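Written out below as structure tokens is the structure these notes cover.
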Amino acid sequence: MREVVFDTETTGRDPDTGDRIVELACVELRNLLPTGRTFHRYINPQRDVPEEVVKVHGLTGAFLRDKKLFGDPDIVDALFDFFEDSPIVAHNAEFDRKFLNAELVRVARPALGMDRFTDSLKIARALFPGAANSLDALSKRFQLDRLGFDLAKRKGAGGHGALIDTKILAEVYLQLRGGREHKLSFTEAAPTVDADGAPLPKFERRPQRPTPLTRVVHADERAAHDAFIAEIGEVAIWKKLPG
């Protein structure tokens, strides 16, 4: 199954008040694993970038001034070529969808419905109700620093960016879906639900071993265990078990 992890950086929080996308990025997944194929563009927002926002992603108006506009084919057409017809995964997906749709409307392109998106934030809230479920909190929960991500750097000025965020989210999404040891089944109808009641894929149980593993117990370990049971006496639970 192909999915696309998607993230944006913007000039603010609300496209309805004129905020624009300044950076977008995608990571391709096949069966939950990154293929190594990515998409990344900086965008000229045709407006200033507030200083408090620059502190988050480090993208100044001066840096973005010579970048292409969203409507340039190298951005909008290339983006949709990368999307294909795959589900789009985003953390707090409505935020990114709203900004993307605002840009699409400006260039007379059809907006995307929420049915195209998988919201990893909703999945996280269903799995960890009441816990912090920001991308940074989940990165810490899943110990992504062990995979080489510099989580400490993200706390500093300019520590966030669309490309690094998509790479982090790709790993977080994999963990939310069960991690690298699980095999997904997409054939059963509505196996689980997220926080809003939307169906999620279900993990297949590993088959039971045809023959149990041979117990490896050394003689000294067996003697020590027998002595321990003898001290407890007839009430020891081990005396009630076979073998």
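About the centre of its Cα atoms, the stretch 2-203 shows a dipole size close to 520 debye [charges on the beta carbon of Lys, Arg (+1) and Asp, Glu (-1) only; nearest 20 debye]. Could you tell me the relative contact order of the stretch 2-203? Use alpha-carbon pairs under 8 Å, at least six residues apart, and round to a whole percent. About 23 percent, as a whole number. The peptide list 224-233, 97-106, put in order of mean Cβ contacts within 10 Å with the highest first, becomes 97-106, 224-233.
For residue 67, a cut-off of 15 angstrom between C-alpha atoms picks up these aspartates and glutamates, skipping any fewer than 8 places away in its own chain: 9, 23, 48. Each peptide among 162-169, 35-42 gets the average number of other Cβ atoms lying within 10 Å of its residues, and from highest to lowest they stand as 162-169, 35-42. Separation of the alpha carbons by more than 24 angstrom is noted, of 68/122; 68/98; 140/167; 55/140; 55/167; 122/167, for 68/122. Could you name the aspartates and glutamates in cross-link range of residue 239, using Cα to Cα under 12 Å and dropping any fewer than eight places away on the same chain? Within reach: 226.
Coordinate-derived values only; no laboratory data. Everything numeric in this text was worked out from a predicted model, so none of it was measured. Using ideal geometry, Cβ is built from the backbone for each residue, glycine included, and neighbour counts are taken over all protein chains shown.
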